[in-house]
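Trainee: Dropping a structure here in structure tokens format, bear with me for questions.
Please treat every number below as a calculation from the coordinates, not as lab data. Bear in mind the structure is a predicted one, so any value in this text is a computation, not a measurement. Here the Cβ positions follow ideal geometry from the backbone for every residue, glycine too, while neighbour counts run over all protein chains shown.
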Amino acid sequence: MTEIKGIFAASMSILDKNLTLDLNKTKFDKLNIGPVLFYEHMYYYKEIKIGVKFSVTVEIDGYSEDGKFFKLFQNFYNQKGEHLAHLDLAFGIMDTVKRKLTLMPEDSFNLFKGLSRSNQTPAAEINANIKIKNATPSL
């Protein structure tokens, strides 16, 4: 079970049980980058009480080919395996000096592309002008 100190922290560090993107505050500060959250929609199915241990699964729902925009799903489960909540979020990486969107570091982006993918819609949009690449592999 995982203790989560923040939803976005979970997104950036617990994308896979055995793999992290190594995008933490230290690396963000060193590269003058940081996450920017475009939206998050949280759906609660059962109460998550303080002190209750839970696990989080993360799936990629989509990303832009240039590595600037990302869409994830997170699912929260208690120790009995009951589905507690679902989080749908879209985020990007921002240059903290220029105050503009930038690319995720290439090594992290390559790892990101290889992680678990959702079985949701074939394409997603963050807004009317930004198309997100389908994360589902084509057959």
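Trainee: Can you tell me which of 84-95, 99-110 comes out highest on packing, and rank the rest after it, using the mean Cβ neighbours within 10 Å?
Mentor: Sorting 84-95, 99-110 by mean packing, highest first, produces 84-95, 99-110.
Trainee: Once fully extended, how much extra length lies between residue 29 and residue 116, figured as 0.36 nm per residue of separation less the alpha-carbon to alpha-carbon distance?
Mentor: Once the chain is fully extended between residue 29 and residue 116, it gains 28.6 nm.
Trainee: If you don't mind, there's one more thing I want to ask. How much FRET efficiency would the formula 1/(1 + (r/R0)^6) give for residue 53 and residue 101, where r is the Cβ-Cβ distance and R0 is 30 Å, rounded to 0.05?
Mentor: 0.25
Trainee: Further, regarding this structure: Stokes-Einstein at 37 °C, 0.692 mPa s, Kirkwood radius from Cα pairs: D for the range 49-88 in µm² s⁻¹? Mind dumping the intermediate values first?
Mentor: Values: Rh = 11.5 Å.
Translational D for this selection: 285 µm²/s.
Trainee: Let me ask you something else. Please tell me which of these pairs span more than 29 angstrom C-alpha to C-alpha: 27/113; 30/80; 46/68; 25/98; 71/98?
Mentor: Details: 27/113 19 Å; 30/80 40 Å; 46/68 33 Å; 25/98 18 Å; 71/98 23 Å.
Result: 30/80; 46/68 exceed 29 Å.
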